[in-house]
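The values are calculated or read from the model by the stated rules, or taken from the named source; none is laboratory data. This one's a predicted model, so the numbers in the text were calculated from it and none came from an experiment. With ideal geometry, Cβ positions are generated from the backbone for all residues, glycine too; neighbour counts draw on all protein chains shown. Side chains are part of the model used for accessible areas, which takes the heavy atoms of the whole protein and leaves out ligands, DNA and RNA. Shrake-Rupley method; radii C 1.70, N 1.55, O 1.52, S 1.80 Å.
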Amino acid sequence: MDRNYSRDLLKAIQKADRAGANAVVDAWAAGRSFHQVIPELLAPTLETFGKLWAQGSGGVSLATGYVASKVAEDVLSRLLLESASREAPALPAKGPVLVGNVEDDFHPLGRKMVAAFLRAAGWEVHDLGVDIGPEQFVDKAEETGARVIGASAMMFTTAKNVEKLREEIDRRGLRGRLQLAVGGAVFKLRPELVEAFGGDGTAASAAEAPALFERLWQQSLTFEPVSGEVRP
Amino acid sequence: MNSLERVLAALQGQPSDRPPFLLNLSLYGSQLTGAPVKAHFADPAIFAEGQMAVREVFGPDLLLSPFLVSALGEAFGSRAGGPPEQAPNVRAFAADSASAALRLPLPDVDGHPRLLYLRETIRILSRKYEGEVPVIGLLVSPLDLPPLIIGLEAWLDALLFRPDEARALIDRCTAFFVQLGTAMLQDGATALALTANLANRFMVPAEVVAGISRPALERAFGQIPGPIIVHHGGCPLVPHLADFAGLPQVVGFLVDAGEDLAAARTTLGPGPLLLGNLDGPGLADLTPGQVRVLCERALAAGSRDPQFILATSGADVPLGTPPECLQAITESICLAGGGLR
């Protein structure tokens with residue numbers, strides 16, 4: 001009987017067993033092209049994991065989410081190494097998109113997990129780090145051509161700084177064209193703050209960020225391009 | 001009855017003249033006194049003055065030491081800061097891994113200025129309100145200290161992938177926790193309230209809870225010579241209460257806003273206090289009328305439980321919350337009987 005690798009990978013992640021998860025990936029890759037590991041094994045498994053996380057079921061905790069993001073990073077590192085040796089592109093790139101913690105927020109874990117899940121889903125991610133002011137976010141978006149910013153804040157006090165980012169996006173006439181995804185503990189506890197602070201959307205967990213960014217990216221494309229922009 | 005008698009009655013499951021209540025107004029004291037937030041979280045006399053104003057204006061039955069966990073990180077060498085209108089938060093960690101943190105000296109609970117600040121507020125408040133109002137010393141459990149010293153990511157890394165290092169750091173943090181907790185009680189704190197998030201299955205897998213977290217809490221709490229209240233710390237607590245039941249010295253649980261108090265009591269049985277479950281940070285967005293409705297609902301649910309204390313859940317009540325919203329809680333309590341002594 002064929003082994004159900006996705007189920008085994010999910011089980012290893014749920015047990016926070018990073019080594020076990022990588023062993024499942026290795027077993028899957030034997031006799032296959034490693035370049036297919038993301039679309040055929042990792043992405044569908046992380047999607048299932050994200051649903052369990054959002055439901056709060058299946059023994060999923062913040063720590064298992066962290067392990068899932070580490071497994072995604074492990075796979076991406078191997079993929080990049082293999083691509084370098086073959087001189088072939090690692091992943092079909094989507095994006096670019098930005099992630100960062102808003103001004104005065106110094107809680108990087110959720111943002112790093114989001115970046116890992118986005119990269120595993122094929123997004124080109126520019127991770128700006130912690131304590132990022134609104135001008136820095138929007139300058140970088142204009143410089144890179146990003147259509148989605150992922151802004152992370154853990155607490156109510158720092159989440160209020162999302163409003164400043166919203167104002168900066170609007171001030172530069174980029175509303176709609178530049179979408180604002182917001183996340184962090186406070187938005188999960190108080191989802192009404194997403195709209196109140198000017199976010200265009202949020203995800204129930206880091207693992208669901210790729211679906212959110214996809215939706216916001218498509219939403220952005222319905223707006224007029226800014227002057228000088230060349231659409232792909 | 002005075003506040004202390006009311007809280008003791010709840011602890012013993014005895015009736016009282018009215019339900020006791022607790023407001024997390026550690027930061028809000030500065031709004032009442034007009035003191036700059038920076039001074040409020042640096043000068044024990046100024047902070048204590050804020051709690052006295054809280055007691056004077058709203059009449060809660062329990063008062064708090066500063067809700068300032070960053071001070072515990074600072075004691076290990078982390079750097080804290082933040083905008084002038086907010087309580088400081090950790091901005092740079094003292095070490096980048098559990099193994100590096102093991103090389104840090106243990107803070108001197110009788111000498112470190114940030115720890116002396118916390119302790120002196122307790123001394124001032126307990127002298128002022130001795131025999132009248134319980135003063136609660138706020139702390140974090142030894143499991144929640146490492147995120148203030150090395151950050152949550154490095155701490156998860158140790159807990160999940162290097163359990164021996166994690167256990168060694170917990171042991172070290174336990175020694176500090178016991179020293180500081182004991183000192184706070186000797187300074188006059190009636191009880192300690194603390195988070196134990198890294199023992200919550202919302203944060204870590206069941207295997208870590210059973211293999212590391214719960215045994216660590218048993219060892220640490222068993223050395224504390226006074227009562228402990230476990231705070232939900234922003235995580236859902238009720239679904240995981242069985243993991244905390246029966247821990248030494250634990251006399252109560254403060255659950256998150258909206259959690260089912262009856263389910264909590266079913267899990268715990270009679271004995272521990274249940275505190276909650278008004279959303280403290282959310283009060284700023286409500287009208288006094290809406291707050292009154294929430295209070296009445298919570299009090300009605302709690303009226304079937306003699307060991308219930310109405311309390312704000314979550315983090316500190318934010319500055320800018322209209323005092324009328326807090327007054328609405330006080331009025332609801334008064335309506336439930338007994339007045340505000």
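The calculated FRET efficiency for the pair B:ASP17 and B:ASP164, based on their C-beta separation and a Förster distance of 60 Å, comes to about 0.65. In order along region B:189-194, phi translates into HN-Hα couplings of 4, 6, 7, 10, 10, 8 Hz, rounded to whole numbers, per the Karplus curve 6.51 cos²θ - 1.76 cosθ + 1.60 with θ = phi - 60° and x for Gly and Pro. Helix A:18-29 axis versus longest C-alpha principal axis of chain A: approximately 70°, rounded to the nearest ten. Ligands, DNA and RNA aside, B:THR287 has an accessible area near 70 Å² when probed at 1.4 Å. The residues of the protein assembly as shown have, on average, 39 Å² of accessible surface per residue, using a 1.4 Å probe with all protein chains present. Simple point charges give the picture: +1 on the Cβ of Lys and Arg, -1 on the Cβ of Asp and Glu, and for the protein assembly as shown a dipole about the Cα centre of about 720 debye. For B:ARG297 and A:THR48, a Förster radius of 35 Å and the Cβ-Cβ distance give a FRET efficiency of 0.40, rounded to the nearest 0.05.
Here each label is just a point 7 Å from Cα along the line to Cβ, and for B:ARG91 and A:ALA19 those points are 4.0 nm apart.
A Förster radius of 45 Å combined with the Cβ-Cβ distance from A:ARG171 to B:GLN327 puts the calculated FRET efficiency at roughly 0.70.
Taking amide H atoms as placed 1.01 Å from N in the peptide plane, the amide H of B:LEU237 lies under 5 Å from those of B:ASP256, each 5 or more residues away in sequence or on another chain. The mean count of C-beta atoms from other chains within 10 Å of the C-beta of residues in B:86-98, rounded to a whole number, is 2.
In this label model, A:LYS94 and B:ASP43 are separated by 5.5 nm, measuring between points 7 Å along each Cα→Cβ vector. Peptides B:322-329, B:307-314 ranked from most to least packed by the mean count of surrounding Cβ atoms within 10 Å: B:307-314, B:322-329. The smallest convex shape that holds all Cα atoms of region A:90-232, its convex hull, gives 94 Å³ per residue. Using the average count of surrounding beta-carbon atoms within 10 Å as a protection proxy, the listed peptides A:30-36, A:138-144 rank, highest first, as A:138-144, A:30-36. From helices alone, the protein assembly as shown scores -14000 deg cm²/dmol at 222 nm; the rule is -39500 (n - 2.57) for each run of n ≥ 4 DSSP H residues, then divide by the residue total. Measuring between their Cα centroids, region B:214-292 and region B:166-208 lie 15 Å from each other. Counting only protein heavy atoms and using a 1.4 Å probe, the accessible area of B:PHE161 comes to about 60 Å². Counting only DSSP beta bridges with both residues in the protein assembly as shown, the antiparallel share comes to about 5 percent. Backbone geometry of region A:205-220 corresponds, through the Karplus equation with coefficients 6.51, -1.76 and 1.60 at θ = phi - 60°, to 3J(HN,Hα) couplings of 8, 4, 5, 9, 4, x, 5, 5, 5, 4, 5, 5, 4, 5, 4, 4 Hz, x marking Gly and Pro. Building the convex hull from the alpha-carbon atoms of region B:3-45 and averaging its projection over directions returns 4.1 nm². For peptide B:192-205, the mean count of partner chain Cβ atoms within 10 Å of a residue's Cβ comes to 3. For region A:113-187 and region B:16-89, what is the centre-to-centre distance using only Cα atoms, to the nearest Å? After rounding, the separation between the Cα centres reads 32 Å. Secondary structure note: in chain B, about 10% of the DSSP beta bridges are antiparallel.
Axis angle, to the nearest 10 degrees, between helix A:5-14 and the longest C-alpha principal axis of chain A: 60 degrees. Each principal axis of the Cα cloud of the protein assembly as shown was evaluated for its coordinate range; sorted largest first, these ranges are 78, 52, 46 Å. Each of the peptides B:4-15, A:116-127 was scored by the mean count of other Cβ atoms within 10 Å over its residues; in descending order, highest first, they stand as A:116-127, B:4-15. Remark on A:GLY95: its backbone amide H falls under 5 Å from those of A:GLU124, a criterion applied only to residues 5 or more positions apart or on other chains, H modelled at 1.01 Å from N. Per-residue shielding of A:56-63, expressed as the average number of other chain Cβ atoms within 10 Å of the residue Cβ, stands at 6. If the chain linking B:ALA263 and B:GLN223 were pulled fully straight, counting 0.36 nm for each residue of separation and taking away their Cα-Cα distance, it would gain 11.4 nm. Rounded to a whole number, what % of the accessible area of the protein assembly as shown do carbon and sulfur atoms account for, probe 1.4 Å? That fraction is 54 percent.
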